[in-house]
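Accompanying notes for the structure given below.
The values are calculated or read from the model by the stated rules, or taken from the named source; none is laboratory data. Note that the structure is predicted; figures quoted are calculated from it, not measured. All Cβ positions, glycine included, derive from the backbone under ideal geometry; neighbour counts span all protein chains shown. Just the protein is used for accessible areas: all its heavy atoms, side chains included, with ligands, DNA and RNA removed. Shrake-Rupley method; radii C 1.70, N 1.55, O 1.52, S 1.80 Å.
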Amino acid sequence: MALPQHKMRIALVTDTWAPAVNGVVMTLQATCKGLQQRGHEVEVIGPQGMKSICWPGFSDVPLALHASARVEQSLQTFAPDLIHIATEGPLGLAARRYCLQNRLQFSTAYHTRFPEYLWQRARVPLALTYRWLRWFHGPAQAVLVSSERMRQVLQARGFANLCLWGRGVDTALFSPDEVGRRACCHIVQDSGCGKGHDPVFMYVGRVAAEKNLPAFLSLDLPGRKWVVGDGPARAQLEQRFPQVRFVGMRAHHELPAWLNCADVFVFPSQTDTLGLVMLEAMACGVPVAAFPVAGPLDVVQQGVSGMLDMDLRQAALSALDLPRAQVRAHALQFGWEATVTQFLQHCPPRQSQSARAPAIPVALQSRI
């Protein structure tokens, strides 16, 4: 699809938005900024200001109540040229229904591997969740995925209209600071880090079961382990691993200071669709240690910007030897400009569909 030459009104519908800090929010915020810089007008239809409850185990992801009226009013008032549904929650369902009822084209995105998360937490069969997700994304003219490996995973699960929508990193905000590394450590109140110290192995992100943190925290590694972030598993992990420093949630603009104190960024998750925070670490010159699975395989260059090994301890120790300038150079390949271009290439402009797609079952309508 050729890039549109005219300025558009673009609606982004999402069930998660600031002040939540996660990969979905970061991606959408960067995309909004890039679209606006190109002259497009963007309206975010999110949960802000709405009554909501929380996803079980996801206290920072609200489930908006009575979403249909809000979404319908917002879309009618804004009259967008392009509608993108970013998430599969109540707001996403309401936008999907509105588009189908009015025979409007729209795109969706697959950000989170909910089938694997629900299997880990509640043993919900993968086939059941994937069936529901195929139903949700089925009518979309484009289903945006973060990597080629995720495209292959979803294609094998029967998804159609899959398009690559890569991820980027703000290389101005996330940058190495070798000269001021000790100053960074002063900011985070640890005078022991910086050149010549025992190594710091760091994880930054959500502290939850699906992130597989015990695989990192239980490793026998020299130096220290730090966890930057918060989540439902934090209290239990702090009790289980008292020798680990848990520093809690930090604002996005504070993360470069913390990352510059790390010697290795350890990413133990085996279920992330990509892992934007790995790009942020590498942009600071911090090598990544991770399992060789979808996500790390898509952004880490083995032996250049990180080490991938099913033996996570070996990966972490080997990553210590990687030059930080080399790691940074690899991260510079991932810019948001290309990501915004892909978004515009794949997302269909608003127009009537030739045929009506299946509507939401009545049983689901009553819950939105």
Pairs returned, first residue in segment 334-348 that is closer than 19 Å to residue 161 by Cβ, second residue that is among the hydroxyl-bearing types (Ser, Thr, Tyr) and buried (at least 16 other Cβ atoms within 10 Å of the Cβ), beta-carbon separation under 6 angstrom, 6 or more apart or interchain, are 343/31; 347/107
Considering every residue within segment 309-318, establish whether at least one is of a type in the set (A, V, I, L, M), at pLDDT below 95 and open to solvent by 40 Å² or more (accessible area, probe 1.4 Å). no
Looking only at segment 220-253, how many residues end up being of a type in the set (Phe, Trp, Tyr) and more than 25 Å from residue 172 (Cα to Cα)? 2
Picked from segment 47-76 (must be touching a strand residue (DSSP E or B) at 6+ places or on another chain (Cβ under 9 Å) and at pLDDT 95 or above), the residue nearest to residue 24 (Cα to Cα) is 71
Residue 283: at pLDDT 95 or above, within 19 Å of residue 212 (Cα to Cα) and touching an Asp or Glu at 6+ places or on another chain (Cβ under 9 Å), yes or no? no
Residue list for segment 249-273, restricted to those being more than 25 Å from residue 145 (Cβ to Cβ), small (Gly, Ala, Ser) and either assigned to a loop (DSSP other than H, G, I, E, B) or touching a strand residue (DSSP E or B) at 6+ places or on another chain (Cβ under 9 Å) (or both): 251, 262
How many residues are of a type outside the set (Gly, Ala, Ser), open to solvent by 60 Å² or more (accessible area, probe 1.4 Å) and under 18 Å from residue 115 (Cα atoms) if we restrict to segment 152-175? 3
Is at least one residue of segment 345-365 at pLDDT 85 or above, of a type in the set (Gly, Ala, Ser) and not in a loop (DSSP other than H, G, I, E, B)? no
Subset tally (residues that are surrounded by 19 or more Cβ atoms within 10 Å (Cβ to Cβ) and among the aromatic types (Phe, Trp, Tyr)) for segment 217-245: 1
If I go through segment 76-104 residue by residue, how many of them are hydroxyl-bearing (Ser, Thr, Tyr) and either in a helix (DSSP H, G or I) or without any contact (Cβ under 8 Å) to a residue 24 or more places away in the chain (or both)? 2
Is it true that some residue in segment 5-18 is surrounded by 22 or more Cβ atoms within 10 Å (Cβ to Cβ), among the small types (Gly, Ala, Ser) and modelled with pLDDT of 90 or more? yes
Can you tell me which residue in segment 285-313 is nearest to residue 265 (Cα to Cα), limited to those that are in a loop (DSSP other than H, G, I, E, B) and among the hydrophobic types (A, V, I, L, M, F, W, C)? 286
Would you mind telling me which numbered condition in (1) at pLDDT 95 or above; (2) buried (at least 21 other Cβ atoms within 10 Å of the Cβ); (3) part of a loop (DSSP other than H, G, I, E, B) residue 139 fails? (2)
Residues in segment 286-308 that are farther than 23 Å from residue 152 by Cβ and open to solvent by less than 10 Å² (accessible area, probe 1.4 Å): how many? 3
Does residue 44 satisfy the criteria of being in contact with a Cys (Cβ under 7 Å, 6 or more places away or on another chain), modelled with pLDDT of 85 or more and not basic (Lys, Arg)? yes
